[in-house]
Amino acid sequence: PCDALSRVPPPRLGDRPMCGSCRALLLDGEPVELSEARFDGYLARNDLPVLVDFWADWCAPCRAFAPVFRRAAERLHRELRCAKVDTEAAPELARRLGIRSIPSILLFRGAVEIDRLAGAADELTLSGWLAQHGIGR
């Protein structure tokens, strides 16, 4: 999507909503790549919780966790948005958020961090952690 603001009433989230500007699917189940410049605005404009994976290409645990994160994005696309931030491309953002190890998975509601999970989690661990926050029960 083009980052245009799109409002979708909750009962219509399952109807494959599209962006009014670029016509791309809004909830396609794919994690969104975020840069430092897009990060704050993306969080502020989402009514759904946002799960963010902070990673780096050279990190073996990050690469191992990527398919788990992608499957969670597909499975939960009506309940939350999933995004990825490459810490090599966004070092100031990683510093500002206190990312000390990768992968780090942060859960936001609006611009507020709710919780974080450090390390490469398996599907059961990630699902249980999200369920503690009322997601994917």
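Residues in segment 27-48: is at least one part of a loop (DSSP other than H, G, I, E, B), open to solvent by less than 20 Å² (accessible area, probe 1.4 Å), of a type outside the set (A, V, I, L, M, F, W, C) and modelled with pLDDT under 95? Checked against the condition, which is being part of a loop (DSSP other than H, G, I, E, B), open to solvent by less than 20 Å² (accessible area, probe 1.4 Å), of a type outside the set (A, V, I, L, M, F, W, C) and modelled with pLDDT under 95, segment 27-48 yields at least one hit. Only a single item in (1) assigned to a loop (DSSP other than H, G, I, E, B); (2) open to solvent by 70 Å² or more (accessible area, probe 1.4 Å); (3) in contact (Cβ under 8 Å) with a residue 40 or more places away in the chain; (4) not polar (S, T, N, Q) is not met by Glu88, and it is number (3).
Number of residues in segment 105-116 that are open to solvent by less than 30 Å² (accessible area, probe 1.4 Å) and modelled with pLDDT of 95 or more: the value is 4. Among the residues of this structure, Ser6 counts as one that is assigned to a loop (DSSP other than H, G, I, E, B), at pLDDT below 65 and more than 21 Å from Leu107 (Cβ to Cβ). Report, by residue number, each residue of segment 117-137 that is open to solvent by less than 80 Å² (accessible area, probe 1.4 Å), farther than 21 Å from Pro61 by Cβ and either assigned to a loop (DSSP other than H, G, I, E, B) or among the polar types (S, T, N, Q) (or both). Once the filter is applied, which keeps residues that are open to solvent by less than 80 Å² (accessible area, probe 1.4 Å), farther than 21 Å from Pro61 by Cβ and either assigned to a loop (DSSP other than H, G, I, E, B) or among the polar types (S, T, N, Q) (or both), segment 117-137 yields His133, Gly134, Ile135, Gly136. Taken as a whole, the structure places Arg100 among residues that are open to solvent by 20 Å² or more (accessible area, probe 1.4 Å), in a loop (DSSP other than H, G, I, E, B) and either touching a residue at least 60 places away in the same chain (Cβ under 8 Å) or of a type in the set (Lys, Arg) (or both).
The values are calculated or read from the model by the stated rules, or taken from the named source; none is laboratory data. The shown structure was predicted, so the numbers you read here are calculated from the model rather than taken from an experiment. Heads up, the Cβs are rebuilt from the backbone with ideal geometry, glycines too, and the neighbour counts pull from every protein chain shown. For the accessible areas, the whole protein counts, side chains as well, though only heavy atoms, and no ligand, DNA or RNA atoms are used. Shrake-Rupley method; radii C 1.70, N 1.55, O 1.52, S 1.80 Å.
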